[in-house]
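Step one of this worksheet: look at the structure below.
The values are calculated or read from the model by the stated rules, or taken from the named source; none is laboratory data. Note that the coordinates shown come from a computational prediction; the quantities given were computed from them, not determined experimentally. No Cβ is skipped: glycine too gets one built from the backbone with ideal geometry, and neighbour counts run over all protein chains shown. Keep in mind that these areas ignore ligands, DNA and RNA; they rest on the heavy atoms of the full protein, side chains included. Shrake-Rupley method; radii C 1.70, N 1.55, O 1.52, S 1.80 Å.
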Amino acid sequence: MSLLEGLPRDADAQAVGPTRVLVIGQGGLLLRIRRDPTFAFELLKRLSHRVRTLNARVVELPTTSLDVPS
């Protein structure tokens, strides 16, 4: 999200085992998207899945937590 929006990260990641990390900057990401439409489509599918999952979780929240006292 940070790369797409140009904003600071709002989350960290922690590996639970041996890990290889690929560091990619905003320019590199945009170049990859331009050169590989399949990569862009897969990225959009994953982001869409995350939004759908979060929407489902919001719907499951108790409505009393959203009530505002008069």
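Does residue 13 fit the bill of being at pLDDT below 95, surrounded by fewer than 10 Cβ atoms within 10 Å (Cβ to Cβ) and of a type in the set (A, V, I, L, M, F, W, C)? So residue 13 fits the description; yes.
Scanning the stretch 47-70 for residues that are at pLDDT below 90 and of a type in the set (S, T, N, Q), which turns out most open to solvent (accessible area, probe 1.4 Å)? Top of the filtered list is 70. A Cβ distance below 9 Å, combined with a sequence gap of six or more or placement on separate chains, defines the contacts here; from the stretch 10-33, residues that are charged (D, E, K, R) reach residues that are part of a loop (DSSP other than H, G, I, E, B) and open to solvent by less than 100 Å² (accessible area, probe 1.4 Å) in the pairs 32/24. The residue that is modelled with the lowest pLDDT, among those in the stretch 16-40 that are open to solvent by 70 Å² or more (accessible area, probe 1.4 Å) and not in a loop (DSSP other than H, G, I, E, B), is 26.
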